[in-house]
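Have a look at the structure below, then the notes.
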Amino acid sequence: MLTKPTVFSAIQPTGNLTIGNYIGALKQWNEIQKKYFCIYCIADLHSLTIYQKPNILNKNILDTLAIFLACDIDPNKNIIFIQSHVPQHTQLSWILNCFTYFGELKRMIQFKEKMLLFKNKNINIGLFNYPILMAADILLYQADKIPVGKDQIQHIEMARKIAIRFNSIYGNIFTIPEKIINPNKGSCIMSLLNPLKKMSKSDSNSNNVINLFDKIDIIRKKINNAVTDSDIPPNIIYDKTNKPGISNLLSILSNITNVSIQNLEKEFKGKIYNDLKKSVIDNLYIFLNKFQKKYSKYRENKKLLNNIIINGSHKAQKKAKITLNNINNIIGLYNKKIL
Ligand code: TYM
């Protein structure tokens, strides 16, 4: 019997998830669970690379789990777990450190961006090593497919490189993972005021971002202020190079309504930009309102959340132990034996 391919993905519990996180990741997670065996992780260890207030991090972890559930990620069908509950992630991460080169990590775009952000001062090594922990997350479960947004592609390439290097020494040990990105022009949702920049939950200007918890007045204000262009007559078509603002609004609208970009272009032919914005506002409201109601229901149910966390860590650990024991044997670490 053929086994289903394994999918792995994760999100950092840093609060304020955006419509970009939804379209680039969670929406896909939901669709993929219908076909594959999926393991979805709350990457709390990754989030420590930037200081988190302990009580806020604690709360954000449960919030993130309730967000997964509100996006209809099914904990009975998939494994949902918290990264720090499975110590094999950090153990494998150390081993993979020894198969990764300094120069490779130095070239990671996200690391270079963080260096700029912190003006090269006090960059912690966690930020530098982050792609190795991410490789460990993926390789520990022998994952075949990794659904992510475009900003994570370089890290998946790094995981592949590490796995191929390890396999070239020890044989075919690790599955070589492949990325999956949103097929409907949603792999990188852009900032509302600067559609040349990725929409990011850490943006200091909240007007750039649609947050999953935004209410109608805020949605209206942000979308009405979103940058478009000054084409005369107005032209509502998807053209990321020449019309990044309009293209971004079309991507958002298409992904939350499941109407193809082509059909949206037909619908808005001859219309003005305000018509498009109005439709984005109305549909974001419908989508987010439904999401927020579901979220509140799950977030209040502490018992359910706790059960999912316990079950998830148990199931994830079972799988992780098998891979790590195998790796330990293969590289020559000494197994405890009762003599
Ligand atoms: P994180 O928490 O920054 O983002 C979670 C997911 O959301 C996607 N994303 C976007 N997609 C489209 N448009 C955007 N504007 C946008 N912003 C974010 C990200 O690409 C990501 O898929 N390192 C990862 C978490 C992680 C992980 C892993 C992912 C840890 N281990 C193993 C995959 C496999 C991160 O920081 O994602």
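The values are calculated or read from the model by the stated rules, or taken from the named source; none is laboratory data. Remember, it's a predicted structure, so these values are computed and weren't measured experimentally. Here the Cβ is made from the backbone with ideal geometry for all residues, glycine too, and neighbour counts use every protein chain on show. Ligands, DNA and RNA are stripped out before the accessible areas are found, and what is left, the full protein with its side chains, is counted by its heavy atoms. Shrake-Rupley method; radii C 1.70, N 1.55, O 1.52, S 1.80 Å.
Taking Cβ atoms as reference points and 10 Å as the exclusive limit, the residues near GLU178 contribute a net charge of +2, counting Lys and Arg as +1 and Asp and Glu as -1. Specify the inter-centroid distance of the range 99-152 and the range 282-333, based on alpha-carbon positions, in whole Å. For the range 99-152 versus the range 282-333, the Cα centre distance is 22 Å.
Excluding same-chain neighbours fewer than eight residues apart, the lysines reachable from LYS336 by a Cα-Cα span under 27 Å are LYS315, LYS318, LYS319, LYS321.
Relative to the dominant Cα principal axis of the chain, helix 216-225 is inclined by about 80°. Under the combined filter of DSSP loop state and at most 14 neighbouring Cβ atoms within 10 Å, the range 271-339 retains these chymotrypsin sites (Phe, Trp or Tyr not before Pro): TYR334. As a calculated quantity, the FRET efficiency between ASP151 and ASN328 at R0 = 30 Å, using C-beta atoms, amounts to about 0.35.
Taking the helices alone, the chain has a mean residue ellipticity at 222 nm of -16500 deg cm²/dmol, built from -39,500 (n - 2.57) per DSSP H run of at least 4 residues and averaged over all its residues. Highest mobility in the GNM of the chain, judged by mean-square fluctuation with C-alpha springs under 10 Å and restricted to THR228, THR257, THR241, is found for THR241. To test your reading of the geometry: what angle, between 0 and 90 degrees and rounded to tens, separates the Cα axis of helix 125-140 from the longest principal axis of the chain? Computed tilt is about 80 degrees.
The heavy atoms of ARG165 present about 50 square angstrom of accessible area, all protein chains included, probe 1.4 Å. In the chain, the longest principal axis of the Cα atoms and the axis of helix 244-257 are about 70 degrees apart. When peptides 120-129, 33-42, 133-142, 72-81 are sorted by average Cβ neighbour count within 10 Å, with the highest value leading, the order is 133-142, 33-42, 72-81, 120-129. A cut-off under 11 angstrom between Cβ atoms defines the neighbours of GLN52, and their net charge, with Lys, Arg +1 and Asp, Glu -1, is +1. Would you mind telling me which residue in SER313, SER191, SER206 has the biggest mean-square fluctuation in a Gaussian network model of the chain, where springs connect alpha carbons within a distance under 10 angstrom? Evaluated over the chain, the most mobile residue of the options is SER206.
Computed on the range 188-328, with alpha-carbon pairs under 8 angstrom and 6+ residues apart, the relative contact order is 20 percent. Once the Cα-Cα distance is subtracted from the 0.36 nm per residue extended length, the LYS337 to SER296 segment shows a gain of 9.8 nm. If I take R0 = 30 Å and measure r between the Cβ atoms of THR90 and LYS215 in this structure, what FRET efficiency does the formula 1/(1 + (r/R0)^6) give, to the nearest 0.05? Using R0 = 30 Å, I get an efficiency of 0.15.
In the range 1-138, carbon and sulfur make up what percent of the accessible area (probe 1.4 Å)?
Here carbon and sulfur together make up 59 percent of the probe-accessible area.
Considering the chain as a Gaussian network with a 10 Å cut-off on Cα pairs, which listed residue, ASP151, ASP217, ASP63, attains the greatest mean-square fluctuation? Evaluated over the chain, the most mobile residue of the options is ASP217. Using a cut-off of 10 Å between beta-carbons, work out the net charge of the residues near THR228 (Lys and Arg +1, Asp and Glu -1, THR228 not included). So the environment of THR228 carries a net charge of 0. A dipole drawn for the chain from +1 and -1 charges on Cβ atoms has a positive end, and of ILE61, ALA135, GLY20 the residue lying farthest that way is ILE61.
Estimated at 0.36 nm per residue, the fully extended path between LEU304 and ASN122 surpasses their Cα-Cα distance by 61.5 nm.
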